[in-house]
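Trainee: Please see the structure below; I have some questions.
The values are calculated or read from the model by the stated rules, or taken from the named source; none is laboratory data. Being a predicted model, the structure only gives us computed values, none of them experimental. Cβ placement follows ideal geometry from the backbone for every residue including glycine, while neighbour counts extend to all protein chains displayed.
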Amino acid sequence: MMRRVIHFNEEERPDHQSKVKLSVELEKANRTQLLDLIPLCDVGFVGKDFATSQAYNTMSDTVRHLKPNISDGCELVVAWGERGSMGVSKEGKIVQSIAYTPTEIVDTLGAGDTFVAGTISLLVKGHSLQDGITFGCKLAGAKIGIEGLKNLKCLFEKIRHTV
């Protein structure tokens, strides 16, 4: 599917239409074949479980090993839960955000997806990767402080103005 989108972007996309952006999330442990997707996307997300299954012990270790796999103009984001996230911008700059942990952890289910969605939401609006991962970390932190996804839209709007 990704190759089809790449073909569309390069060969079929009307000049007035924006390029379709591709992202991939490597989350589950031991899915090594998914590493082949990193060079095809505009932004690749790598989770802690996947990274540690590849014997990468830290965010910076993961970035160091995967940075050579990203294509020019692409971005890489490594999410490490309670440690925050780190990434490589389109320009090759290393960026990092701390985790934003609420005073009480209520529900962690969906925090990773919330981080990815928050990060992408800023990237598609033209924000820097630094702003994107900072917002993603803030939104994921807010999410784990609430039950389920109730009020997440309200939190999104409130946090969006802090980045």
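Trainee: Could you go through region 43-60 and let me know if any residue there is surrounded by 21 or more Cβ atoms within 10 Å (Cβ to Cβ), over 18 Å from GLY136 (Cα atoms) and in contact with a strand residue (DSSP E or B) (Cβ under 8 Å, 6 or more places away or on another chain).
Mentor: Yes, the conditions are met somewhere in region 43-60.
Trainee: A further question on this structure: Report the residue count in region 146-163 for those that are outside any helix (DSSP H, G or I) and either closer than 13 Å to ALA99 by Cα or aliphatic (A, V, I, L, M) (or both).
Mentor: Count: 3.
Trainee: Identify the residue in region 7-42 that is within 22 Å of THR114 (Cα to Cα) and of a type in the set (D, E, K, R) and, among all such residues, is surrounded by the fewest Cβ atoms within 10 Å (Cβ to Cβ).
Mentor: In this case the residue turns out to be LYS28.
Trainee: Yes or no: region 130-140 includes at least one residue that is over 15 Å from the mean Cα position of the chain (by Cα) and among the acidic types (Asp, Glu).
Mentor: Taking region 130-140 as the starting set, the residues that turn out to be over 15 Å from the mean Cα position of the chain (by Cα) are none.
Checked against the condition, which is being over 15 Å from the mean Cα position of the chain (by Cα) and among the acidic types (Asp, Glu), region 130-140 yields no hits at all.
Trainee: Could you tell me which of the residues THR119, THR114, THR134, THR162 is at pLDDT below 95 and either over 19 Å from VAL24 (Cβ atoms) or surrounded by 13 or more Cβ atoms within 10 Å (Cβ to Cβ) (or both)? Before you say what the answer is, go through the steps one by one.
Mentor: Values: THR119 fails: at pLDDT below 95; THR114 fails: at pLDDT below 95; THR134 fails: at pLDDT below 95.
After applying the criteria, what remains is THR162.
Trainee: Moving to a separate point now. Looking only at residues that are within 19 Å of GLU27 (Cα to Cα) and of a type outside the set (A, V, I, L, M) in region 80-95, which one is surrounded by the fewest Cβ atoms within 10 Å (Cβ to Cβ)?
Mentor: GLU82
Trainee: When you scan region 141-158, how many residues do you find that are under 17 Å from the mean Cα position of the chain (by Cα) and either free of Cβ contacts under 8 Å to residues at least 40 places away in the same chain or crowded, with 24+ Cβ neighbours inside 10 Å (or both)?
Mentor: Matching residues across region 141-158 total 2.
Trainee: In region 137-159, what count of residues is obtained for those that are at pLDDT below 90 and farther than 18 Å from SER85 by Cα?
Mentor: Qualifying residue count, region 137-159: 10.
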